[in-house]
Amino acid sequence: MTGETIRVAVVDDHPVFRLGMSALLASTAGLEVVGEAADADAALRVADQHLPDVIIMDLHLGGRSGVAATREIVARHPGIGVLVVTMLDDDDWVFAALRAGARGYLLKGAAPAEVERAVRAVANGEVLLGPVIASRAVSYLSGARGAGAAPFPELTDREREVLDLVAQGLSNVVIARRLTLSPKTVRNHLSNVLTKLQVADRAQAIVRAREAGLGQP
């Protein structure tokens with residue numbers, strides 16, 4: 001996109017960071033801020049309405065994670081480049097974001113010049129990773145990570161455990177007995193899983209879980 005204005009949207013649930021990032025980008029030659037969002041639903045609306053070249057995406061967005069939002073945005077609009085800018089430097093979050101289709105990953109606190117460089121790279125279809133997480137991502141992309149990464153990092157350990165048992169075909173009552181929980185607690189965990197994975201029902205959750213390697217007896 002050399003010589004063209006790069007249209008950017010900023011998604012972050014912290015208003016101070018969101019406004020500061022927008023101000024930084026708006027003051028940078030060749031960049032234009034076309035939208036802001038504080039949660040995943042608003043991010044999808046911004047993507048649909050404005051079709052920015054780049055979306056700067058945080059991963060903690062309240063009810064739904066930035067990983068889920070990234071996955072849906074890329075599925076709807078493959079031409080949009082998602083650049084994750086977050087406090088999360090955990091391996092599983094990095095790999096989950098890349099699997100969801102993010103083209104870049106920076107940690108909050110990156111210098112303005114680094115943010116600008118990343119935005120321009122992502123807009124041009126390149127992948128740019130912050131130096132702190134670059135070596136991990138290289139290992140992941142080369143296949144060295146293998147099956148060690150926990151699937152669905154947006155889930156808590158207990159939610160992932162419940163999903164694993166659901167994917168094995170167990171009922172809520174049996175899961176409750178196995179985990180020493182009440183059936184209501186199991187239902188609540190499963191409801192959270194459906195929300196976080198953006199699936200409509202138990203059957204879709206089982207499909208997603210088995211695709212990720214869960215559900216093995």
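The values are calculated or read from the model by the stated rules, or taken from the named source; none is laboratory data. Just so it is clear, the model here is predicted, and its values are computed rather than measured. When we count neighbours, we look across all protein chains shown, and the Cβ atoms used for this are built from the backbone with ideal geometry, even at glycine. Ligands, DNA and RNA are excluded from the accessible area calculation, which covers all protein heavy atoms including side chains. Shrake-Rupley method; radii C 1.70, N 1.55, O 1.52, S 1.80 Å.
Structural remarks
- Between helix 112-123 and the chain: long-axis angle, C-alpha atoms, 0 to 90°, nearest 10: 70
- Accessible heavy-atom area order of Asp58, Asp157, Asp91, highest first, probe of 1.4 Å: Asp157, Asp91, Asp58
- Net charge over other residues, Cβ less than 12 angstrom from the Cβ of Leu106 (K, R count +1; D, E count -1): -1
- Across the protein chains, with a 1.4 Å probe defining accessible surface, the residues Glu4, Glu72, Glu154 rank Glu4, Glu72, Glu154 from largest area downward.
- Mean-position separation - Cα centroids, segment 168-217 and segment 37-56, in angstrom: 30
- With all protein chains modelled, accessible area of Thr180 [1.4 Å, Å²]: 120
- Contact order relative to length of the chain, as percent, for alpha carbon pairs under 8 angstrom and 6 or more apart: 15
- The chain - charge dipole about Cα centre, Lys and Arg +1 at Cβ, Asp and Glu -1, debye rounded to 20: 780
- Stokes-Einstein diffusion coefficient of segment 56-119, Kirkwood radius over Cα pairs, 10 °C, 1.306 mPa s, in µm²/s: 135
- Per residue accessible area in Å² of segment 1-111, where ligands, DNA and RNA are left out and the probe is 1.4 Å: 40
- Fraction of alpha-carbon pairs over 31 Å apart in the chain - percent: 25
- Compared with the dominant Cα axis of the chain, that is its longest principal axis, helix 202-211 is turned about 70°.
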